[in-house]
1. Find the accessible area per residue for the chain; the probe is 1.4 Å, ligands and nucleic acids are left out, and the unit is Å².
2. So which helices of the chain fit the span-like rule, where a helix is a whole DSSP H run, its Cα atoms reach 15 Å or more along the axis, and its mean Kyte-Doolittle is at least -1.0?
3. Return the calculated 222 nm mean residue ellipticity for the chain, to the nearest 500 deg cm²/dmol, obtained by summing -39500 (n - 2.57) across DSSP H runs with n ≥ 4 and dividing by the residue count.
4. Considering only protein heavy atoms and a probe of 1.4 Å, how much of the accessible area of the chain is carbon and sulfur, as a whole percent?
5. So if R0 is 30 Å, what FRET efficiency would ARG168 and ARG50 give, r being the distance between their Cβ atoms, rounded to the nearest 0.05?
6. Ignoring the sites themselves, what is the longest stretch of the chain with no trypsin sites (Lys or Arg not before Pro) in a DSSP loop and at most 13 other beta-carbon atoms within 10 Å?
7. Across the chain, how many lysine pairs, 8 or more apart or on two chains, come within less than 21 Å at their alpha-carbon atoms?
Amino acid sequence: MKIAITGKGGSGKSLVAGTLVRHLAQSGHQVVAVDADPNPNLGVSLGLARETVESMAPVLNALLASGHTHNDRQPPAEELLRQYGVEAPDGVVLVATGKVERPSDACLCCGSHNLTRQFFGELPDGGRIVVADLEAGLNDLIWTHPGPEDVVVVVSDGSDKSVEIARRACKLAEEMGVTRLVAVANRGSDAGALTRQLGSPEVIAVPEDPAVLEADRLGVAPYEVDPTSPGILAVGELATCLLSRT
């Protein structure tokens, strides 16, 4: 199974993604987590120390540093995962596509988007789950181009702009042939209202949770604060929902 997680910036997308990955891994699945944000933070939400996340070699940055250009043939995704993947808690393998660190002659944005599509498209999912935490907004969703066998999870915090991004994400996903859409009404937002606004997607409600807020403040994984808190358990329901139709 391959899962693309999208939504407006600030909606809590990466916290949901990291917690979902931990639940999937603790269910006994091999999970590859792809951090597609040019400001990669998914590792922190997974439980890695900030220092470890900062020392990771994002794939595109490492390739460019080695002399690779956008005109060169890209190594296979499996090879890139072996070379640049980092082990995270519960046996998760984390890979970051790219990181904006300084001005560059190469297009880090397009290169990172292309790598996300490569990881999402090429990595075989037999026996494992690939979860891509996409860059905020809709551009990366188009680049990733999920298909009929994939799942798109849309995170919204209930604000007007967040719901509009979610609505457009659902529309784009449907136009790309995605048949499984799941929305997350995050931070205690109205799940019923989101269901009405988006139409057909399944909706999972994640309540406002002091443990999640504390984890965000401390820059650690919610799992490390309280794995039994209401917000964490609600994301566990999302994992169960996704696995029930694998």
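The values are calculated or read from the model by the stated rules, or taken from the named source; none is laboratory data. Note that the coordinates shown come from a computational prediction; the quantities given were computed from them, not determined experimentally. Note: ideal-geometry Cβ built from the backbone for every residue, glycine included; neighbour counts use all protein chains shown. All accessible areas refer to the heavy atoms of the entire protein, side chains included, with ligands and DNA or RNA removed. Shrake-Rupley method; radii C 1.70, N 1.55, O 1.52, S 1.80 Å.
1. About 43 Å² of surface per residue is accessible.
2. Those that pass (Cα extent of 15 Å or more, hydropathy at least -1.0) are 13-26, 108-122, 160-175, 230-243.
3. After summing the helix terms and dividing by the residues of the chain, the value is -13000 deg cm²/dmol.
4. Carbon-and-sulfur percentage of accessible area, whole number: 50.
5. Computed FRET efficiency for ARG168 and ARG50 comes out at 0.40.
6. Free of exposed loop sites, the longest segment is 74-244.
7. Lysine pairs, 8 or more places apart or on different chains, close enough: 9.
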